[in-house]
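Novice: Mind having a look at this structure? Questions to follow.
The values are calculated or read from the model by the stated rules, or taken from the named source; none is laboratory data. Given the structure is predicted, the values throughout are model-derived calculations rather than measurements. For neighbour counting, all protein chains shown are included, and Cβ atoms are generated from backbone atoms with ideal geometry for every residue, glycine included.
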Amino acid sequence: MVYEDDAVVAVLDVLPCAEGHSLVLPRRHAQTILDLDAEYLGKVFLGVQRVTEVLLRTLKPHGFTIGINHGRAGGQAIEHLHIHIIPRFEDDGGGSIHSVVHHPPTEQLESVFQKIVAKGQK
């Protein structure tokens, strides 16, 4: 474990993309971020912040990619929420989060926006 508190544990990824690649896991079972209430999710992301600070201080990366594979189609292989913190270094060969998916929408931005606004209201 590289970090733990009452809400999360953080471990090194056994198949790291970079030195220090860590996973932050909530102690409560949740498959996705939608399975946790806002208060607990806030504690999870406080853990993400703390692990990121530790990695920055100890490994001195130039940046981070922080992400969640949400659902099977999103690349989630383990059915327990975990947040990846991947230290990034200049010239590491990686890309931005935009390099993960290559499936541009066929509808215009305004149309997608209207769909979200119309159907996203509770």
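Novice: Does the range 6-45 hold any residues that are charged (D, E, K, R), farther than 21 Å from Ile86 by Cβ and in a loop (DSSP other than H, G, I, E, B), and which are they? So that I can check it myself, show each step before the final result.
Specialist: Step one: list which residues in the range 6-45 are charged (D, E, K, R), which gives 6, 13, 19, 27-28, 35, 37, 39, 43.
Adding the requirement that they be farther than 21 Å from Ile86 by Cβ leaves 6, 27-28, 35, 37, 39, 43.
Within the range 6-45, Asp6, Arg27, Arg28, Asp37 meet the criteria.
Novice: I've got another one for you. How do the pairs read when you match residues in the range 90-114 that are farther than 20 Å from Ile68 by Cα with residues anywhere that are among the polar types (S, T, N, Q), using Cβ under 9 Å and keeping only pairs 6 or more apart or on different chains?
Specialist: Correct list of pairs: Pro105/Ser111.
Novice: Across the range 18-42, which residue is nearest to Asn69 (Cα to Cα) among those that are under 14 Å from the mean Cα position of the chain (by Cα) and of a type outside the set (A, V, I, L, M)?
Specialist: Thr32
Novice: To continue, here is another question. For the range 57-64, does any single residue satisfy the condition of being under 19 Å from the mean Cα position of the chain (by Cα), under 22 Å from Leu15 (Cβ atoms), modelled with pLDDT of 95 or more and not in a loop (DSSP other than H, G, I, E, B)?
Specialist: So far as the range 57-64 goes, yes, one or more of its residues are under 19 Å from the mean Cα position of the chain (by Cα), under 22 Å from Leu15 (Cβ atoms), modelled with pLDDT of 95 or more and not in a loop (DSSP other than H, G, I, E, B).
Novice: Which condition does Gln49 not pass, out of (1) of a type outside the set (Ser, Thr, Tyr); (2) surrounded by 15 or more Cβ atoms within 10 Å (Cβ to Cβ); (3) out of contact with any Gly (no Cβ under 9 Å at 6 or more places or on another chain); (4) over 19 Å from Gly94 (Cβ atoms), if it passes all the others?
Specialist: Checking Gln49 against (1) of a type outside the set (Ser, Thr, Tyr); (2) surrounded by 15 or more Cβ atoms within 10 Å (Cβ to Cβ); (3) out of contact with any Gly (no Cβ under 9 Å at 6 or more places or on another chain); (4) over 19 Å from Gly94 (Cβ atoms), the one that fails is (2).
Residue-by-condition table, conditions (1) closer than 18 Å to Cys17 by Cβ; (2) part of a strand (DSSP E or B); (3) of a type in the set (A, V, I, L, M, F, W, C):
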| site | (1), (2), (3) |
| --- | --- |
| Ile66 | yes, yes, yes |
| Asn69 | yes, no, no |
| Glu79 | no, no, no |
| Asp91 | yes, no, no |
| Gly95 | yes, no, no |
| Val101 | yes, no, yes |
| Thr106 | no, no, no |
| Glu110 | no, no, no |
| Ile116 | no, no, yes |
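Residue-wise test of (1) without any contact (Cβ under 8 Å) to a residue 24 or more places away in the chain; (2) within 16 Å of Phe89 (Cα to Cα).
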position	(1), (2)
Val14	yes, no
Gly20	no, yes
Leu23	no, no
Thr32	no, no
Leu36	no, no
Leu41	yes, no
Arg57	yes, yes
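Novice: One residue is enough: does the range 105-122 have a residue meeting the conditions under 15 Å from the mean Cα position of the chain (by Cα) and small (Gly, Ala, Ser)?
Specialist: Filtering the range 105-122 down to residues under 15 Å from the mean Cα position of the chain (by Cα) leaves none.
There is no residue in the range 105-122 that is under 15 Å from the mean Cα position of the chain (by Cα) and small (Gly, Ala, Ser).
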